[in-house]
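Here's the structure we're looking at; comments come further down.
The values are calculated or read from the model by the stated rules, or taken from the named source; none is laboratory data. The structure displayed is predicted, hence computed values, not measured ones. Here Cβ is always computed from backbone atoms with ideal geometry, including for glycine, and neighbour counts include all displayed protein chains.
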Amino acid sequence: MAVPDAALTLERELRGVFGARLRSLVVHGLHADAHAPVRTMAVVESLTEQDLRGCAARVPSWHAAGLATPLLVPSAELGRSLDAFPLEFSAIIADHVVVAGTPPFDGKAVDAVDIRRACEAQARSHLLHLREGFLETGGNRDALAVLVAQSASPLNALLASLARLDGRTDLNPEAAGRHAERTLSVSPGSITEVVKLARVHEISGADAERVFPPYLAAMQRLVEYVDNWARR
């Protein structure tokens with residue numbers, strides 16, 4: 001995949017801050033959302049307050065060029081961070097392009113056990129939020145519609161984590177939703193109807209009342225699946 005021009009500009013500007021201390025720069029998440037700001041990670045030999053100030057001064061122009069604020073990681077911290085942020089780094093490893101320097105993940109991998117643990121925490125949090133949110137609607141179906149619609153983006157992130165746990169890193173949100181429905185043996189549409197709301201951001205109260213029960217049941221099944229997941 002071609003490297004965005006903005007990332008090449010970023011590489012030059014990071015060289016201006018770090019010089020030879022810039023070990024590598026990667027673009028990641030290009031397959032996840034073509035319309036999102038370009039996400040990058042820079043691995044540096046060292047990172048000082050002065051470096052942060054130098055980068056901070058450039059952030060407005062980076063944003064204007066369509067870049068997200070780069071993730072800056074000292075090389076000594078990278079390997080030790082994989083188990084602390086397994087979902088985040090597994091996503092980067094699965095979908096990145098090296099812009100400059102040495103490939104930062106050679107010889108490194110996120111353990112599936114760490115991904116499972118983080119995925120379980122993510123799944124349980126999502127389920128708890130749905131239950132709490134339902135209580136707070138007070139039975140008002142318009143409030144339920146807001147709850148369901150607002151849960152779509154977090155759901156997509158959870159489904160991406162589930163797909164990575166199952167060794168699938170090539171799925172867009174709707175494909176990840178269908179994968180989850182098949183994996184969990186839940187009714188078609190119980191997950192994918194909510195997934196689509198991340199694009200349209202709106203659902204009627206009547207549809208929310210119809211969608212919510214199978215959605216909640218699917219999330220309960222997802223928690224059980226991840227809790228009992230075994231390395232394949």
key: Answer residue from the range 44-88, given it is touching a helix residue (DSSP H, G or I) at 6+ places or on another chain (Cβ under 6 Å), among the aliphatic types (A, V, I, L, M) and closer than 28 Å to residue 121 by Cα and is surrounded by the fewest Cβ atoms within 10 Å (Cβ to Cβ) among those   = 82
query = Would you call residue 147 surrounded by 15 or more Cβ atoms within 10 Å (Cβ to Cβ), within 16 Å of the chain's Cα centre (by Cα) and touching a residue at least 40 places away in the same chain (Cβ under 8 Å)?
reply = no
request  = Select from the range 160-195 the residues that are exposed (fewer than 15 other Cβ atoms within 10 Å of the Cβ) and touching an Asp or Glu at 6+ places or on another chain (Cβ under 8 Å) and list them in ascending order.
outcome  = 169, 187, 188
note = Those residues of the range 205-224 which are of a type in the set (Gly, Ala, Ser) and in contact with an Asp or Glu (Cβ under 9 Å, 6 or more places away or on another chain) amount to 205, 208, 218
remark   = Only unsatisfied item for residue 92, checking (1) under 30 Å from residue 14 (Cα atoms); (2) outside the structural domain of residue 26 (by TED's automatic domain parsing), is (2)
ask   = Among the residues of the range 137-154, is any closer than 30 Å to residue 80 by Cβ, touching a helix residue (DSSP H, G or I) at 6+ places or on another chain (Cβ under 8 Å), in a helix (DSSP H, G or I) and not assigned by TED's automatic domain parsing to the domain that holds residue 73?
value = yes
ask   = Looking at the range 207-221, which of its residues are in contact with a helix residue (DSSP H, G or I) (Cβ under 7 Å, 6 or more places away or on another chain) and either without any contact (Cβ under 8 Å) to a residue 24 or more places away in the chain or not aromatic (Phe, Trp, Tyr) (or both)?
value = 208, 209, 211, 216, 218, 219, 220, 221
